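Student: Below you'll find the structure I mean.
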Ligand SMILES: Nc1ncnc2c1ncn2[C@@H]1O[C@H](COP(=O)(O)OP(=O)(O)OP(=O)(O)O)[C@@H](O)[C@H]1O
Ligand SMILES: [Mg+2]
């Protein structure tokens, strides 16, 4: 038993109330009691009780009214109702309204103790879950995804549009660009946030096991299937399934996956019963899926089914103006976690990071920041503190290569692309000159007034 658990006993019959209170406090609980529903509501306002034990029939506010109020205000608390007559109807109503259990008078004290212990266990579990969910929600708030660049603003605006819907999403991007982070943020900010988020990495599970991992199996379906097993789809029911590295899925399973998505129902391996599903599907890949389709390794119909709304995450080298922001974000996070006073990067070190190509994208940047901070005792990180290849990147290439996109049949928004480059250059110049515009304008070989005008037009935070 958890010590000091708070229990509220509500009964208008004084002898009952006292007998129950005495029994529970002698068992070690902290007990308060109320003689009416009104008095109970007052106490509920002032204190939080893990378990509320209430008589059903009270003059005025009834036990069911109290139950409903508790479920609204403190859904983790458990309410046990005590009824005078064993009436099936009241019991059903009580359970429907969310009562943990109901007991009939005369009370059997041993049974009461058992029910209270179980109710406490449930309350504890629910509040832990609630706490964990709060934490998760905090962790995956949109503003925890860092990025000011145009490319990231487009990602955010798409995320805002789809977060409240159930649409199927395909997240594309190189390794370490934040695909899983975005998938979780969509789930934990959407309508399904209180329901499960179940991730499965299709590339990490041997092909012969993947089918039963996804769809479940029944006992005896194959050697080693010693018991029935729920698949990830069933576990994710009413929530979201995240199909990571979808491009690696074997062709024969793609067929089955397509059927599951179309029918919104699943059949376990070896079984013949269908289970209705209500699952939001978010998949992700760092492969060029269109190419995989062309090469015959991915079904075209499945590709269209998954690619209802694509979200393309830019590589870090395509949004260099976010590098400093991300580095500072990770410094703060890492120093906070390790209880260290936040450190800074010297402007040379920051510049070295801004020109390095980051093949491992944000994940690599996060690791580099962590390694650099951990291995250095100082408060300013210099180029020498960075891994050598990053330090050399600055010396080797003064000018970061700009990836110029090919113009295709779909066309390209040239003003937007050029604005992106201007924005990148202005950001770097301002970073290098600590925000001194005259110096930055010199470095960019433009007039200061032109720079100011561009900063305003491009809405750059200077
Ligand atoms: N925009 C961002 N802001 C803050 N942190 C980010 C951002 N993008 C990625 N990260 C962090 O970088 C790390 C890698 O991100 P994530 O695992 O989501 O990448 P991924 O695209 O799924 O990579 P992979 O393809 O290798 O699985 C995580 O720790 C994540 O929190
Ligand atoms: Mg991932």
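The values are calculated or read from the model by the stated rules, or taken from the named source; none is laboratory data. Model, not experiment: these values are computed from the prediction. Virtual Cβ from ideal backbone geometry, glycine too; neighbours counted across all protein chains shown.
Student: Give the number of residues within segment 74-128 that are within 27 Å of the chain's Cα centre (by Cα) and in contact (Cβ under 8 Å) with a residue 12 or more places away in the chain.
Tutor: The number of residues fulfilling the criteria is 9.
Student: Just to be sure I understand the filter: pairs with C-beta atoms under 9 Å, separated by 6 or more residues or on different chains, first member in segment 169-184 and more than 15 Å from residue 147 (Cβ to Cβ), second member part of a strand (DSSP E or B) and within 8 Å of ligand 2 (Cβ to nearest atom). Which pairs pass?
Tutor: 169/284; 170/284; 172/284; 180/244; 180/284; 183/244; 183/284
Student: Also, I was wondering about something else. Inspect segment 159-167 for any residue being touching a strand residue (DSSP E or B) at 6+ places or on another chain (Cβ under 8 Å) and within 16 Å of ligand 1 (Cβ to nearest atom) and give the result as yes or no.
Tutor: Yes, some residue in segment 159-167 is touching a strand residue (DSSP E or B) at 6+ places or on another chain (Cβ under 8 Å) and within 16 Å of ligand 1 (Cβ to nearest atom).
Student: Of all the helices (runs of 4 or more DSSP H) wholly in segment 262-381, which have at least 3 residues that are more than 13 Å from ligand 1 (Cβ to nearest atom) and under 20 Å from residue 252 (Cβ atoms)?
Tutor: It comes to 289-294, 300-306.
Student: Sticking with this structure for a sec: Kindly list the number of the only condition in (1) surrounded by 15 or more Cβ atoms within 10 Å (Cβ to Cβ); (2) modelled with pLDDT of 95 or more that fails for residue 367.
Tutor: Among (1) surrounded by 15 or more Cβ atoms within 10 Å (Cβ to Cβ); (2) modelled with pLDDT of 95 or more, the lone unmet condition for residue 367 is (1).
Student: Right, next: Taking segment 176-197 as the search range and keeping residues that are near ligand 2 (Cβ under 10 Å from one of its atoms) and not in a helix (DSSP H, G or I), which one is surrounded by the fewest Cβ atoms within 10 Å (Cβ to Cβ)?
Tutor: 176
Student: Next question, about the same structure. Can you find a residue in segment 4-11 that is farther than 16 Å from residue 100 by Cβ and out of contact with any helix residue (DSSP H, G or I) (no Cβ under 9 Å at 6 or more places or on another chain)?
Tutor: yes
Student: Output yes when any residue across segment 117-140 is part of a helix (DSSP H, G or I), touching a strand residue (DSSP E or B) at 6+ places or on another chain (Cβ under 8 Å), within 22 Å of residue 12 (Cα to Cα) and not assigned by TED's automatic domain parsing to the domain that holds residue 188, and no when none is.
Tutor: Checking segment 117-140: not a single residue is part of a helix (DSSP H, G or I), touching a strand residue (DSSP E or B) at 6+ places or on another chain (Cβ under 8 Å), within 22 Å of residue 12 (Cα to Cα) and not assigned by TED's automatic domain parsing to the domain that holds residue 188.
Student: Here's another thing I want to ask about it. Considering segment 165-175 alone, what residues qualify as being surrounded by 21 or more Cβ atoms within 10 Å (Cβ to Cβ) and within 10 Å of ligand 2 (Cβ to nearest atom)?
Tutor: 171
Student: Anything in segment 229-257 that is within 16 Å of ligand 1 (Cβ to nearest atom), in contact with a strand residue (DSSP E or B) (Cβ under 6 Å, 6 or more places away or on another chain) and farther than 12 Å from residue 281 by Cα? List them, or say none.
Tutor: If the condition is that a residue be within 16 Å of ligand 1 (Cβ to nearest atom), in contact with a strand residue (DSSP E or B) (Cβ under 6 Å, 6 or more places away or on another chain) and farther than 12 Å from residue 281 by Cα, then 245, 247 are the ones that fit.
Student: Same structure again: Tell me the residue from 141, 133 that is surrounded by fewer than 16 Cβ atoms within 10 Å (Cβ to Cβ) and touching a residue at least 60 places away in the same chain (Cβ under 8 Å), please.
Tutor: Answer to the check: 133.
Student: Sticking with this structure for a sec: Just to check your reading of the model, which residue among 173, 178 is modelled with pLDDT of 95 or more, within 17 Å of the chain's Cα centre (by Cα), within 10 Å of ligand 1 (Cβ to nearest atom) and farther than 30 Å from residue 269 by Cα?
Tutor: The conditions single out 178.
Student: While we're on this one: Kindly indicate whether any position in segment 228-248 is touching a helix residue (DSSP H, G or I) at 6+ places or on another chain (Cβ under 7 Å), assigned to a loop (DSSP other than H, G, I, E, B) and over 24 Å from residue 192 (Cα atoms).
Tutor: The answer is no; no qualifying residue exists.
Student: Which condition number does residue 112 fail, the rest of (1) surrounded by 16 or more Cβ atoms within 10 Å (Cβ to Cβ); (2) touching a helix residue (DSSP H, G or I) at 6+ places or on another chain (Cβ under 6 Å); (3) not assigned by TED's automatic domain parsing to the domain that holds residue 199 being met?
Tutor: It is condition (2) that residue 112 fails.
Student: Exactly one of (1) under 23 Å from residue 230 (Cα atoms); (2) surrounded by 15 or more Cβ atoms within 10 Å (Cβ to Cβ); (3) without any contact (Cβ under 8 Å) to a residue 40 or more places away in the chain is unmet by residue 276. Its number?
Tutor: Going through (1) under 23 Å from residue 230 (Cα atoms); (2) surrounded by 15 or more Cβ atoms within 10 Å (Cβ to Cβ); (3) without any contact (Cβ under 8 Å) to a residue 40 or more places away in the chain one by one, residue 276 breaks only (2).
Student: Also, I was wondering about something else. Of the residues 205, 200, which single one is outside any helix (DSSP H, G or I), free of Cβ contacts under 8 Å to residues at least 40 places away in the same chain and over 19 Å from residue 144 (Cα atoms)?
Tutor: The unique qualifying residue is 205.
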